[in-house]
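Data block below; observations after.
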Amino acid sequence: MMGMLVKIWLIAKVMKLLNIRNLYTFFKILRKEGSNLLAISKYVAYLYPQKIALIDEKTEISYQNLCQEAESLASVLHQRGIRKQDRIGILSKNNVNFVKILLAASRLGADVHLLNTAMSQEQLQALLQSKQISFLLQEQETNFQDVQSFLIEDLLSQRKETIFLAPQTSKISVFTGGTSSQKVKVASRKTKAINFIEPFYALLHNAQLNKFESVYVALPAFHGFGLAAIILALALGKKIILTEKFELEKVENLLIRHKVEVWVLVPTILQRLVLSQKKIQVACILTGGAALPISLLHSTQKRWGEIMYNLYGTSEIGFCIMAKPKDLLKKPQTLGKAIGGAKVKVEETGQMLVATSWAVEPDWIATGDLEYKDEEGYWYWKGRIDDMIISGGENVYLADIEQIVFAYEPIFEAVALPTEDKEFGQRYYLFLVFKEGLHTEKEAFKDYLTKRLARFQMPKEIYILEKLPYTAIGKPDKKGLSKLYFDTKG
């Protein structure tokens, strides 16, 4: 109990709630607005009205103007028939207008679903129908059946005086499990602050995010990590830099121009920034969403020092394990230790199960990841359950193979894809991208592997590519690569 009170005290201090006037204003806003993202943003606007809240490639907006426009937009949406608990989908890339529409929808108490912009129209149509989404707010005009669609730009152009709306608590959902409507799962959470005290405290206490002023969020909001980063940065009153997609030169210029102190991204995007020739400075890096190659960790430490935090979690569970800079210096392969409030265990198959108060449900949730814990309480990732193959009667973890591959200096990116094999039962194809100017012969790379891998661990074939396909969040697209490979091979 005392530990929780200390955590609440720290959060209250950071959000300036220890001041009686501020505390009164905070609860006054909650009583009027309800527990939702717009209410939190309005309190931040009260503290820092003229402070820049959001910057994208086209515009920027202050906290005061963000809340005013979102409140007006909520009235427009209400006029269009959207009410409490209506299921609405938002189809938009990361930009200022997306955040406006997200805040407005949350103010109405709607059941908000963030849709993957990389999905095809056919996939989206199937998803909208299977999840019974009634309203769609989208950036580009696309026709869908059995859903009322509105262009975000049109909604923003319809200025409307704020009308009285009863206080509401909203729910925001992201989808997990891929792009198939049959396989996709919904990870939903209500925007009640009390549920997120533990992860919020872990980031404040360990990464000390309150000390920084600007944050670059590279991940799309329809991914749980990206959404959490945007919400956290809004709650802390930070300047948030958003990009619709990762283009190295544009991102370099934004980071330099705005002197961005904190980056939130996946390892593949960090890899490209580490190799940048421009003089980019950064004070804190939060990475997650994929395995962190040790070679990338060392390159990052060499260039910017010990400033990296590696976060582990899933869309259903949220963030639950953290490796701090000193952890990564001591044990480079670790995911870190479980944060407060997270219960973690491993079942007989080696799969990790997690239970937290901020997950989509209070029971143990299977992660689909193979993990183990050492005697000091540090967790380690062995790969996905479906990424472990049995080759020659032995377990082969493709994540381990990829770590060995990344240790080879000329390698920029690598992906291992499992396949059936008559001799070994299962093997894998290895796809490589070399760093610019460091291309090497395939035989030289094979010699490197032969010295480090057993025969049953060797790849069935090695393919050297100019570049890999990527998912919308910036990770290598293994499904897309598999389709491309098989299409090519007929």
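Every residue, every condition in (1) touching an Asp or Glu at 6+ places or on another chain (Cβ under 6 Å); (2) of a type outside the set (A, V, I, L, M); (3) on the phi > 0 side of the Ramachandran plot; (4) crowded, with 19+ Cβ neighbours inside 10 Å, yes or no:
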| residue | (1), (2), (3), (4) |
| --- | --- |
| ILE401 | no, no, no, yes |
| GLU409 | no, yes, no, no |
| TYR428 | no, yes, no, yes |
| GLU466 | no, yes, no, no |
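Just a yes or no: is a residue in the range 344-355 among the acidic types (Asp, Glu), under 24 Å from LEU227 (Cβ atoms), free of Cβ contacts under 8 Å to residues at least 60 places away in the same chain and surrounded by fewer than 22 Cβ atoms within 10 Å (Cβ to Cβ)? The answer is no; no qualifying residue exists. Only one of (1) surrounded by fewer than 23 Cβ atoms within 10 Å (Cβ to Cβ); (2) touching a Gly at 6+ places or on another chain (Cβ under 9 Å); (3) hydrophobic (A, V, I, L, M, F, W, C) fails for LEU265. Which number is that? Of everything listed in (1) surrounded by fewer than 23 Cβ atoms within 10 Å (Cβ to Cβ); (2) touching a Gly at 6+ places or on another chain (Cβ under 9 Å); (3) hydrophobic (A, V, I, L, M, F, W, C), LEU265 misses just condition (1).
Taking the stated definitions as given, is ALA366 without any contact (Cβ under 8 Å) to a residue 24 or more places away in the chain and either crowded, with 21+ Cβ neighbours inside 10 Å or within 24 Å of VAL274 (Cβ to Cβ) (or both)? Judged against the criteria, ALA366 is not a match. Taking the range 385-433 as the range and being part of a helix (DSSP H, G or I), farther than 11 Å from GLN457 by Cα and of a type outside the set (Phe, Trp, Tyr) as the test, the residues that pass are ILE385, ASP386, ASP387, ALA399, GLU402, GLN403, ILE404, VAL405. For the range 358-384, name all the residues that are under 11 Å from CYS320 (Cβ atoms), part of a loop (DSSP other than H, G, I, E, B) and not aliphatic (A, V, I, L, M). Hit for the range 358-384 is TRP358, nothing else. Here is a check on your reading of the model: is LYS382 in contact with a Gly (Cβ under 9 Å, 6 or more places away or on another chain) and of a type outside the set (Ser, Thr, Tyr)? Answer is yes for this residue.
Taken over the range 300-333, residues that are surrounded by 23 or more Cβ atoms within 10 Å (Cβ to Cβ), aromatic (Phe, Trp, Tyr) and without any contact (Cβ under 8 Å) to a residue 60 or more places away in the chain amount to 0. Every test in (1) in a loop (DSSP other than H, G, I, E, B); (2) more than 19 Å from LEU209 (Cβ to Cβ); (3) of a type outside the set (A, V, I, L, M) is passed by LYS345 save one, and that test is (1). A residue that is closer than 27 Å to ALA218 by Cα, at pLDDT 85 or above and touching a Pro at 6+ places or on another chain (Cβ under 8 Å) occurs somewhere in the range 414-428.
Taking helices (runs of 4 or more DSSP H) as the structural unit, those lying wholly within the range 231-322 and holding at least 2 residues that are farther than 25 Å from VAL99 by Cβ correspond to 267-274, 294-304. Taking the range 3-113 and the strands (runs of 3 or more DSSP E) fully enclosed by it, the elements with 2 or more residues that are touching an Asp or Glu at 6+ places or on another chain (Cβ under 7 Å) and either surrounded by 15 or more Cβ atoms within 10 Å (Cβ to Cβ) or touching a residue at least 24 places away in the same chain (Cβ under 8 Å) (or both) are at 52-55, 87-91.
Considering ALA283, ALA290, which residue is over 16 Å from the mean Cα position of the chain (by Cα) and touching a residue at least 24 places away in the same chain (Cβ under 8 Å)? Break it down into steps so the answer makes sense when it comes.
On the way: ALA290 fails: over 16 Å from the mean Cα position of the chain (by Cα).
It is ALA283.
Considering only the range 462-471, I want to know if a residue exists there that is within 29 Å of PHE225 (Cα to Cα), within 23 Å of the chain's Cα centre (by Cα) and charged (D, E, K, R). Within the range 462-471, one or more residues are within 29 Å of PHE225 (Cα to Cα), within 23 Å of the chain's Cα centre (by Cα) and charged (D, E, K, R). Selection of the range 288-314 for residues being touching a helix residue (DSSP H, G or I) at 6+ places or on another chain (Cβ under 6 Å), hydroxyl-bearing (Ser, Thr, Tyr) and within 23 Å of VAL344 (Cα to Cα) yields only TYR309. Scanning the range 138-160 for residues that are buried (at least 18 other Cβ atoms within 10 Å of the Cβ) and of a type in the set (Val, Ile, Thr) gives VAL147, ILE152.
The values are calculated or read from the model by the stated rules, or taken from the named source; none is laboratory data. The shown structure was predicted, so the numbers you read here are calculated from the model rather than taken from an experiment. When we count neighbours, we look across all protein chains shown, and the Cβ atoms used for this are built from the backbone with ideal geometry, even at glycine.
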